[in-house]
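J.: If you scroll down you'll find the structure; I have some questions about it.
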Amino acid sequence: YTTALSENELLAEILLPATPANSGAAYAKFGARNAMDYSSTISVAAQLVCDPESGVIIEAGLAAGGVDITPIWLETATRVLCGRVPSAELYDQMQDAIKQGATPDDDHVYSAAYKRHVLGVMLKRAVQSACERALQAGNSRNEC
């Protein structure tokens, strides 16, 4: 719970770009113990941009925490999603890419195999929610 700031520095502003039109995001976490035990939490985040007409995923960003020492960017799974329409088959292919691409370590709570399994399940849920939100955004709003 420390920062990289020196004693004479102050964080004054964080600028984030606006999300693109027709985008959706979702976050999911799994923890075997109480909410304050961060050492046993596996988390995933997904942000997608979908074509509102066809449902095709135009852009994707997937990340996970709690499966390695630092958060990881899931490049292989991201590439599987881009240019495709969400489907059960696509989610299975994404989960296969995670099993091949993620290399978690065993720790005091979970085995590496269990982390890969949980990561796949949680990421599938997050991607489904992000897709639904992206398609709803395309149908219901035209502003930021």
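The values are calculated or read from the model by the stated rules, or taken from the named source; none is laboratory data. As the structure is a computational prediction, the values presented were derived from the model and not from experiment. Cβ coordinates were reconstructed from backbone atoms using ideal geometry, including for glycine residues, and neighbour counts include every protein chain displayed. Surface areas here come from the heavy atoms of the whole protein model, side chains and all, with no ligands, DNA or RNA. Shrake-Rupley method; radii C 1.70, N 1.55, O 1.52, S 1.80 Å.
J.: Under a point-charge model restricted to the Cβ atoms of Lys and Arg (+1) and Asp and Glu (-1), what is the dipole moment magnitude of the range 43-144 relative to its Cα centre, in debye to the nearest 20?
T.: My answer is approximately 140 debye.
J.: Starting at the first residue of the range 63-72, write each ³J(HN,Hα) from the Karplus equation 6.51 cos²θ - 1.76 cosθ + 1.60 with θ = phi - 60°, in whole Hz, x for Gly and Pro.
T.: Along the range 63-72, the couplings run 9, 9, x, x, 9, 9, 5, 10, x, 10 Hz.
J.: What span do the alpha-carbon atoms of the chain cover on each of the three principal axes, reported in whole Å from largest to smallest?
T.: Taking the Cα atoms of the chain, the three principal extents are 47, 43, 25 Å.
J.: Can you work out the accessible area per residue across the chain, with the rest of the protein chains kept in place, probe 1.4 Å, in square angstrom?
T.: Normalised by residue count, the accessible surface of the chain is 64 Å².
J.: Also, I was wondering about something else. Taking θ as phi - 60°, what are the ³J(HN,Hα) couplings along the range 46-53 by the Karplus curve (6.51, -1.76, 1.60), each to the nearest whole Hz, with x for Gly and Pro?
T.: Taking θ as phi minus 60°, the curve returns 9, 10, 10, 10, 10, 6, x, 7 Hz for the range 46-53.
J.: Follow-up. In square angstrom, rounded to the nearest 10, how much accessible surface does Leu11 have for a 1.4 Å probe?
T.: About 110 Å², ignoring ligands and nucleic acids.
J.: Where the accessible area of the range 63-144 is counted over protein heavy atoms with a 1.4 Å probe, how much of it, in %, is carbon and sulfur?
T.: 48
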